[in-house]
Amino acid sequence: QVRLVESGGGLVQVGGSLRLSCAASGSISGYEIAGWHRQAPGKQREMVAVVGSSGATNYADFVKGRFTISRDNAKNTVYLQMNSLKPEDTAIYYCRQYSPRRGVDVWGQGTQVTVSS
């Protein structure tokens, strides 16, 4: 299975933007679902956005219209463009590659996003 490495996190002011990247050590074409999840201190991990192998996307209500997920199978990379950031977006963001067909579920180590007011 692949290893996933997130990058692009950091400190940003309210209303700012960040672009997260998730680079895989190998091909992601065999994973039907790529996603970004986040976990804030004291809270459960929650889904932010997912993209299927067909390109279909699904977003959590709290990021709709602000975040965009995309995948580049040729580069084995998944992206999360985050705009209009809010303090409540502060969390560790994790990328995920999931294949329900093969029963494989791989997570990255996470990248911290902090939005200051």
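What's the number of the condition Gly16 fails, among (1) assigned to a strand (DSSP E or B); (2) over 21 Å from Pro100 (Cα atoms)?
Checking Gly16 against (1) assigned to a strand (DSSP E or B); (2) over 21 Å from Pro100 (Cα atoms), the one that fails is (1).
Identify the residue in segment 27-62 that is more than 18 Å from Asn83 (Cβ to Cβ) and in contact with a His (Cβ under 8 Å, 6 or more places away or on another chain) and, among all such residues, is surrounded by the fewest Cβ atoms within 10 Å (Cβ to Cβ).
Residue satisfying both the conditions and the ranking: Glu46.
The conditions are (1) under 12 Å from the mean Cα position of the chain (by Cα); (2) at pLDDT below 95; (3) among the polar types (S, T, N, Q), and Gln97 fails exactly one of them. Which is it?
Of (1) under 12 Å from the mean Cα position of the chain (by Cα); (2) at pLDDT below 95; (3) among the polar types (S, T, N, Q), only one is false for Gln97: (2).
I want to confirm something. Restricting to segment 82-112 and keeping residues that are open to solvent by less than 70 Å² (accessible area, probe 1.4 Å) and of a type in the set (Asp, Glu), which single residue is farthest from Ser27 (Cα to Cα)?
The residue in question is Asp89.
With Leu85, Leu11 as the choices, which residue is in contact with a Ser or Thr (Cβ under 8 Å, 6 or more places away or on another chain), on the phi < 0 side of the Ramachandran plot and in a loop (DSSP other than H, G, I, E, B)?
One residue alone meets the criteria, Leu85.
Scan segment 100-117 residue by residue and report those that are modelled with pLDDT of 95 or more and among the polar types (S, T, N, Q).
Gln109, Thr111, Gln112, Thr114, Ser116
Would you check which residues across segment 2-13 are over 13 Å from Tyr98 (Cβ atoms) and either open to solvent by 30 Å² or more (accessible area, probe 1.4 Å) or touching a strand residue (DSSP E or B) at 6+ places or on another chain (Cβ under 6 Å) (or both) and list them? It would help to see each step written out before you state the result.
So in segment 2-13, the residues over 13 Å from Tyr98 (Cβ atoms) come out as 3, 5-13.
The answer is Arg3, Val5, Glu6, Ser7, Gly8, Gly9, Leu11, Val12, Gln13.
When segment 1-24 is examined, which residues are found to be over 15 Å from the mean Cα position of the chain (by Cα) and at pLDDT 95 or above? Lay out the reasoning, then the answer.
Residues of segment 1-24 that are over 15 Å from the mean Cα position of the chain (by Cα), as a first pass: 1-2, 11-16.
Within segment 1-24, Leu11, Val12, Gln13, Val14, Gly15, Gly16 meet the criteria.
Out of all the residues in segment 63-75, which are surrounded by 18 or more Cβ atoms within 10 Å (Cβ to Cβ) and at pLDDT below 95? Lay out the reasoning, then the answer.
Taking segment 63-75 first, the residues surrounded by 18 or more Cβ atoms within 10 Å (Cβ to Cβ) are 63, 67, 69, 71.
Result: Arg71, single match.
The values are calculated or read from the model by the stated rules, or taken from the named source; none is laboratory data. Note that the structure is predicted; figures quoted are calculated from it, not measured. With ideal geometry, Cβ positions are generated from the backbone for all residues, glycine too; neighbour counts draw on all protein chains shown. These area figures cover heavy atoms from the full protein model, side chains too; ligands, DNA and RNA do not enter into them. Shrake-Rupley method; radii C 1.70, N 1.55, O 1.52, S 1.80 Å.
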